[in-house]
Amino acid sequence: SQQGEEDPQALSIQEGENATMNCSYKTSINNLQWYRQNSGRGLVHLILIRSNEREKHSGRLRVTLDTSKKSSSLLITASRAADTASYFCATDYSGSGNTGKLIFGQGTTLQVKP
Amino acid sequence: KAGVTQTPRYLIKTRGQQVTLSCSPISGHRSVSWYQQTPGQGLQFLFEYFSETQRNKGNFPGRFSGRQFSNSRSEMNVSTLELGDSALYLCASSLKGQGPREQYFGPGTRLTVT
């Protein structure tokens, strides 16, 4: 399968704590994106990091990318109950012909307890 | 701007029937992608359209087809439905047709095949 793997599959933390999710992928990529999904609804784009970038920040989100290890991590700082959702990494891999085809990981389910 | 809309939101069909799902992208977006989400297989890419042309197709049988109209609205069709086609079908649009781009997802159509 071309799909990446995410770790952990589930994460439960207290409000105010940091949450870290990891993603590994298999092929060379153009970019990697993180999405959030609430309760089986549509996905919301969080952040995009290009293959030549190593780190990117957006508000309370910090994403790192290590192309030599084919891995990425998403850090959510000072988590809130509203951050409870499933988080997916998605790769735009180099062989997609630049058509925007995304390969999604299996996702990490995050629960933030108030 | 209105977001990506999908109709219908919920659908129940019987094995052997066919179904058509509709997606209206964000105004000005010309790229539309479709994904299938199931608990077992996760999020899988179905196809992507740009300017009425299918540019990429995932590993799905020929029963799955789609098209895009001149106003960028897209439809996907599944013929001879099987129980395994029960899933959340997500449509996503993007502004750019190439290069790194985030995708905006609709709320999805939940299809149940009985």
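The values are calculated or read from the model by the stated rules, or taken from the named source; none is laboratory data. On a predicted model such as this, the values are computed, not experimentally measured, just so you know. Cβ sites come from the backbone with ideal geometry, for glycine too, and all protein chains shown count toward neighbours.
Here B:Gly62 fulfils each of the conditions (1) of a type outside the set (D, E, K, R); (2) surrounded by fewer than 19 Cβ atoms within 10 Å (Cβ to Cβ); (3) within 14 Å of the chain's Cα centre (by Cα) apart from (3). Taking the range A:1-40 as the range and being surrounded by fewer than 16 Cβ atoms within 10 Å (Cβ to Cβ), facing chain B (nearest Cβ under 10 Å) and closer than 19 Å to B:Cys91 by Cα as the test, only A:Gly40 passes.
What about A:Thr91, is it in a strand (DSSP E or B), modelled with pLDDT under 95, within 14 Å of another protein chain (Cβ to nearest Cβ) and surrounded by 19 or more Cβ atoms within 10 Å (Cβ to Cβ)? Working first, answer last.
Working: in a strand (DSSP E or B): yes; modelled with pLDDT under 95: yes; within 14 Å of another protein chain (Cβ to nearest Cβ): yes; surrounded by 19 or more Cβ atoms within 10 Å (Cβ to Cβ): yes.
Yes: the conditions hold for A:Thr91.
A:Gly40 falls short on exactly one of the conditions (1) part of a strand (DSSP E or B); (2) within 29 Å of B:Val4 (Cα to Cα); (3) not hydroxyl-bearing (Ser, Thr, Tyr), and that condition is (1). Within the range B:19-29, does at least one residue satisfy the condition of being at pLDDT below 95, closer than 14 Å to B:Val4 by Cα, in contact with a Phe, Trp or Tyr (Cβ under 9 Å, 6 or more places away or on another chain) and not basic (Lys, Arg)? Yes: one or more hits. Is there a residue in the range A:17-32 that is within 23 Å of A:Lys113 (Cα to Cα), in contact (Cβ under 8 Å) with a residue 60 or more places away in the chain and outside any strand (DSSP E or B)? There is at least one residue in the range A:17-32 that is within 23 Å of A:Lys113 (Cα to Cα), in contact (Cβ under 8 Å) with a residue 60 or more places away in the chain and outside any strand (DSSP E or B). Could you please let me know if A:Thr108 is within 23 Å of B:Pro107 (Cβ to Cβ), free of Cβ contacts under 8 Å to residues at least 60 places away in the same chain, away from chain B (no Cβ under 11 Å) and touching a strand residue (DSSP E or B) at 6+ places or on another chain (Cβ under 6 Å)? Considered against the rule, which asks whether it is within 23 Å of B:Pro107 (Cβ to Cβ), free of Cβ contacts under 8 Å to residues at least 60 places away in the same chain, away from chain B (no Cβ under 11 Å) and touching a strand residue (DSSP E or B) at 6+ places or on another chain (Cβ under 6 Å), A:Thr108 comes out as no. Quick check on the range B:10-17. Is at least one of its residues closer than 21 Å to A:Ile103 by Cβ, β-branched (Val, Ile, Thr) and at pLDDT 95 or above? Within the range B:10-17, not a single residue is closer than 21 Å to A:Ile103 by Cβ, β-branched (Val, Ile, Thr) and at pLDDT 95 or above.
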